[in-house]
Amino acid sequence: RNRIYAAAQGALFSVDRSDLTLDYWNRSTGLNGNAVKHIVFDNNTQQLVIAYEDGRIDLMSENGTIVQMPDLYMKSSSVSVAINCLTAGSNCVYAGTDFGIIAINPRKAEVTDTYYIEDEAASVDIEQIVEIGDTLYAFSHDSMRMYKACLHDNLVDYSFWQRVKTQDKVQQAMAWKNELYILQ
């Protein structure tokens, strides 16, 4: 990887590691949205996944080629398309939304699955997602709940998701050396 990417105040920047040039990315340089909300680099496809405030998603390759994924944005008239987080997993990229989780296949530039993980497949806002080994963890911002499921199960079926009550609201969650760390 020759570039280091950063998002700040709705803008996307990159630094070329070989010559230290700084680039600013926007609509005139090929992006399809205005306000960048989250970014994550997918090591499997060597692409940067860019989520915008309006639910648009772009995939940027190392050479700067940008592919738009309109799947989620096109549903904006029927549901909130706010993307609350992005996480690169072992086989896909996960986006936490106001209704649950969407699984993105960057190779095909498409949303492959939608997970409504609350009881009876009700909507739940997901603010953080962590993948460790064969388990996917999701955290709701408004509650003191953590959800977890085995990646080998049918994650579209809400009954495979276990709800675990936390002691306090989760502020941050991350994986380190195959362990889950939670800041409450």
**Prompt:** Do we have any residue at all in segment 53-66 that's assigned to a loop (DSSP other than H, G, I, E, B) and more than 25 Å from Thr29 (Cβ to Cβ)?
**Reply:** no
**Message:** Any residue at all in segment 28-35 that's small (Gly, Ala, Ser) and touching a helix residue (DSSP H, G or I) at 6+ places or on another chain (Cβ under 9 Å)?
**Reply:** yes
**Message:** Of the residues Gly10, Gly100, only one is open to solvent by less than 30 Å² (accessible area, probe 1.4 Å) and under 30 Å from His152 (Cβ atoms); which?
**Reply:** Gly100
**Item:** Selected residue (only one of Ala149, Ala138, Ala121, Ala173 is touching a Phe, Trp or Tyr at 6+ places or on another chain (Cβ under 8 Å) and open to solvent by 20 Å² or more (accessible area, probe 1.4 Å))
**Value:** Ala121
**Top-ranked residue in segment 85-100 [being touching a residue at least 40 places away in the same chain (Cβ under 8 Å) and part of a strand (DSSP E or B); ranked as farthest from Gly55 (Cα to Cα)]** = Ala88
**Message:** Against the condition in a strand (DSSP E or B), open to solvent by 30 Å² or more (accessible area, probe 1.4 Å) and under 26 Å from Thr135 (Cα atoms), how does Asp23 come out, does it pass?
**Reply:** no
**Prompt:** How do the pairs read when you match residues in segment 169-181 that are more than 16 Å from Tyr147 (Cβ to Cβ) with residues anywhere that are of a type in the set (Ser, Thr, Tyr) and open to solvent by less than 100 Å² (accessible area, probe 1.4 Å), using Cβ under 8 Å and keeping only pairs 6 or more apart or on different chains?
**Reply:** none
**Asked** Looking at segment 152-170, which of the residues that are among the β-branched types (Val, Ile, Thr) and either at pLDDT 95 or above or not in a strand (DSSP E or B) (or both) is surrounded by the fewest Cβ atoms within 10 Å (Cβ to Cβ)?
**Response** Val156
**Asked** For segment 26-52, what are the residues that are among the small types (Gly, Ala, Ser), surrounded by fewer than 15 Cβ atoms within 10 Å (Cβ to Cβ) and either in a loop (DSSP other than H, G, I, E, B) or at pLDDT 95 or above (or both)?
**Response** Gly30, Ala35
**Message:** Can you confirm whether Val156 is more than 14 Å from the chain's Cα centre (by Cα) and touching a residue at least 40 places away in the same chain (Cβ under 8 Å)?
**Reply:** yes
**Prompt:** When segment 101-118 is examined, which residues are found to be part of a strand (DSSP E or B) and touching a Phe, Trp or Tyr at 6+ places or on another chain (Cβ under 9 Å)?
**Reply:** Ile101, Ile102, Ala103, Ile104, Thr114, Tyr115
**Asked** So which pairs qualify, if the first residue must be in segment 24-38 and among the hydroxyl-bearing types (Ser, Thr, Tyr), the second must be in a loop (DSSP other than H, G, I, E, B) and modelled with pLDDT under 90, the Cβ gap must be under 9 Å, and the two must be at least 6 apart or on different chains?
**Response** Thr29/Gly64
**Request:** Could you tell me which of the residues Val93, Val111 is modelled with pLDDT of 95 or more, more than 15 Å from Tyr5 (Cα to Cα) and of a type outside the set (Lys, Arg)?
**Result:** Val93
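The values are calculated or read from the model by the stated rules, or taken from the named source; none is laboratory data. Only a predicted model underlies this, so the values are computations on that prediction, with no experimental measurement involved. We place every Cβ from the backbone using ideal geometry, glycine too, and count neighbours over all the protein chains shown. Surface areas here come from the heavy atoms of the whole protein model, side chains and all, with no ligands, DNA or RNA. Shrake-Rupley method; radii C 1.70, N 1.55, O 1.52, S 1.80 Å.
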